[in-house]
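K.L.:
Take a look at the following structure, please.
We did not get these values from a lab; they are worked out from the coordinates using the rules stated. What you see is a predicted model; the values in this text were computed from it and never measured. For neighbour counting, all protein chains shown are included, and Cβ atoms are generated from backbone atoms with ideal geometry for every residue, glycine included.
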Amino acid sequence: MQRVYHFLAVLFISVFVNAQVFNQAIADEIQKVDSVINLLINYENIGPKPTGSPALVETLEWIVENYKDYGYVPIIDTFKLGSIESYNIIIEKQGSIPNQWIIIGAHYDSVEESPGANDNGTGVISTLQIARIINDLNPRIGVRIINFGAEEQGFIGSSYYVRNTLPSTDSILLMLNLDQLGGTKGKDNRKIYCERDDDVNPLSNNLPSSLMTDTLAKIISLYTNLESIISDAYSSDYVPFEDDGLTITGLYQESDYSDHYHKSTDLVSNMDVEATIEVIKGALAATLYFSKMEGFLDVHELANNSYGLNPNPAKNYLTISNVSSNVFVELYDMQGNFIKAQEVCPNDQIELFDLSNGLYTVSISDKTKGYTIYTKLIIAK
Ligand SMILES: [Zn+2]
């Protein structure tokens, strides 16, 4: 009888958890991402857009016009590479919490050999789609979208932005970078890299980046047909943010585009636009989640206001703070594998003797209050 009860309890929790983690409002909202093929072709048709070229300025004007059509007032952030002037394009959707922002970045320049449909037309049209859709919504955390110039010369625009333009009064919760989301025509494009900070200088922002990237990967798996793969952030506009101690993550298509990378064949016709659309939907879902968009995100709000893990990092015992009636606790490893489940009464301890050091996801389900929260536990013995 005991075993049967336990089996039923675990079954109940599993159904309950799945029901809570998937948010239908987010799934509905991301359907507003439209067929982006015309935007991609417009970007491609401008031709190669290297820093300092008339085509780069034409691309800037095209992006600015799109943002204006969606109701924004773009800001041009001008910088110099030697004697050459270039520009970042910034738009903002204010949040209800002052001075807190997430930044979504996608460079809009290309190398001179390439029209850059994938690198980085795909990132640019992602930011256009996100901007269009969120302008009708109400974020708690402000969303700042930046199309950086001179990425191809070594993140010159993003470096300038971090050093000179980013207001010191701003609190940046996350910088999400979008670069090369195209997929490759004829290849398997179901995998997307979710990129975390593994650079040790500084080390302090690696753990928050890992947590955010894990969350990003989970969002991608929940709301798209793509498979998330955790990978390391490398060589794009998140680098200056990372170097400044900020928390970064990023998306990058996994399939091998090297035949066309930085070549004249980086064209829409060599990409998998359907896969690109899935990535954009994932990036939009992440934007809704991380900006705590009104009406989309009650689970996340609860996570900040209710149960806590004590201590965290933990060694061999864990308690859940603020437990007033029994809750069900489940632990998963970073690959999402189920580790253990336990019903927890107030003041109960969860034993962790059999668990090794690392980062875990903990779900805490309160069936009387009807919700589940998700949080992260570090075990360090
Ligand atoms: Zn790029």
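K.L.:
I need ASP214, ASP333, ASP256 ordered by Cβ neighbour count within 10 Å, fewest first.
P.N.:
Going from sparsest to densest Cβ surroundings: ASP256, ASP333, ASP214.
K.L.:
Lysine pairs in region 24-296 with alpha-carbon atoms under 20 Å apart, 8 or more places apart or on different chains: how many are there?
P.N.:
Step by step, the pairs that qualify in region 24-296 add up to 17.
K.L.:
Taking all pairs of different Cα atoms in the chain, averaging 1/r and flipping that mean, what Kirkwood radius in angstroms comes out?
P.N.:
In the chain this quantity evaluates to 21.8 Å.
K.L.:
Report, ordered by chain and residue number, the lysines lying within cross-link reach of LYS381, taken as a straight Cα distance under 24 Å and ignoring same-chain residues fewer than 8 apart.
P.N.:
The qualifying lysines are LYS315, LYS340.
K.L.:
Can you compute the modelled spin-label distance between ASN357 and GLU58, with each label point 7 Å from Cα toward Cβ, in nm?
P.N.:
Placing both labels 7 Å along Cα→Cβ, they lie 5.6 nm apart.
K.L.:
Which helices of the chain meet both criteria: a Cα extent of 15 Å or more along the helical axis and a mean Kyte-Doolittle score no lower than 0.0, with helices taken as whole DSSP H segments?
P.N.:
Values: long enough: 2-21 (28 Å, 1.24); 54-69 (23 Å, -0.23); 122-134 (18 Å, 1.32); 206-223 (25 Å, 0.57); 273-290 (25 Å, 1.17).
Going by DSSP H runs, the hits are 2-21, 122-134, 206-223, 273-290.
K.L.:
Sort 317-323, 171-177 by packing, meaning the average of other beta carbons within 10 Å per residue, with the highest value first.
P.N.:
Averaged packing, sorted descending, gives the order 171-177, 317-323.
K.L.:
How high is the FRET efficiency from ASN135 to ASP244, r the C-beta distance, R0 30 Å, rounded to 0.05?
P.N.:
For R0 = 30 Å, the calculated efficiency reads 0.60.
K.L.:
Moving on to the next point. Which of the peptides 119-127, 205-213, 147-155 is most tightly packed, and how do the rest follow, going by the mean number of other Cβ atoms within 10 Å of each residue?
P.N.:
Highest-to-lowest ranking by the protection proxy: 119-127, 147-155, 205-213.
K.L.:
Taking amide H positions as placed in the peptide plane 1.01 Å from N, state which residues far from GLY250 in sequence (5 or more) or on other chains have amide H under 5 Å from it.
P.N.:
Amide H to amide H, under 5 Å and 5 or more residues apart or across chains, GLY250 pairs with ASN177, GLU195.
K.L.:
Testing the spin-label approximation: label points 7 Å from Cα along Cα→Cβ at THR165 and ASN310. State their distance in nm.
P.N.:
A separation of 4.5 nm, rounded to one decimal place.
K.L.:
ALA233's amide H: which non-local residues (gap 5+, or another chain) put their own amide H closer than 5 Å, with H modeled 1.01 Å from N in plane and none for Pro or chain starts?
P.N.:
Amide H to amide H, under 5 Å and 5 or more residues apart or across chains, ALA233 pairs with ARG196, ASP197, ASP198.
K.L.:
Across region 46-53, in residue order, what do the Karplus-derived ³J(HN,Hα) couplings come to in whole Hz, using 6.51 cos²θ - 1.76 cosθ + 1.60 with θ = phi - 60° and x for Gly and Pro?
P.N.:
5, x, x, 10, x, 4, x, 8
K.L.:
Given H placed 1.01 Å from N in the peptide plane, which residues other than close sequence neighbours of GLY116 have an amide H under 5 Å from its amide H?
P.N.:
ASP266
K.L.:
Can you compute 3J(HN,Hα) from phi for each residue in region 185-191, using the Karplus curve 6.51 cos²θ - 1.76 cosθ + 1.60 with θ = phi - 60°, rounded to whole Hz and x for Gly and Pro?
P.N.:
Coupling constants for region 185-191: 3, x, 10, 7, 10, 7, 9 Hz.
K.L.:
Contact order normalised by length for the chain, with contacts defined as Cα pairs under 8 Å and 6 or more residues apart; what percent is it?
P.N.:
Once divided by the residue count of the chain, the mean separation gives 17 percent.
K.L.:
Along the charge dipole of region 24-296, Cβ charges K/R +1 and D/E -1, which of THR51, ALA285, PHE296 sits furthest on the positive end?
P.N.:
The residue sitting most towards the positive pole is PHE296.
K.L.:
Right, here's the next one. As a test of the formula, what do you get for the chain when each DSSP H run with n ≥ 4 contributes -39,500 (n - 2.57) and the sum is divided by the residue count, at 222 nm and rounded to the nearest 500 deg cm²/dmol?
P.N.:
It comes out at -9500 deg cm²/dmol, rounded to the nearest 500.
K.L.:
Between the alpha-carbon centers of region 75-149 and region 305-341, tell me the distance in whole angstrom.
P.N.:
Cα centroid to Cα centroid, the span is 38 Å.
K.L.:
I'd like to compare 181-187, 72-78: which one has the highest average count of other Cβ atoms within 10 Å, and what's the full order after that?
P.N.:
Peptide ranking by packing, descending: 181-187, 72-78.
K.L.:
When DSSP assigns beta bridges and you keep just the ones with both residues in the chain, what percent turn out antiparallel, to the nearest 5?
P.N.:
Here the share of antiparallel DSSP bridges comes out near 65 percent.
K.L.:
Kindly identify region 67-178 as rounded, prolate or oblate by the Cα gyration tensor criterion: order the square roots of the eigenvalues as a ≥ b ≥ c, call it rounded if a/c is under 1.5, otherwise compare a/b with b/c, prolate if a/b is larger, else oblate.
P.N.:
Values: a/c = 2.07, a/b = 1.37, b/c = 1.51.
Oblate, since a/c reaches 1.5 and b/c is not below a/b.
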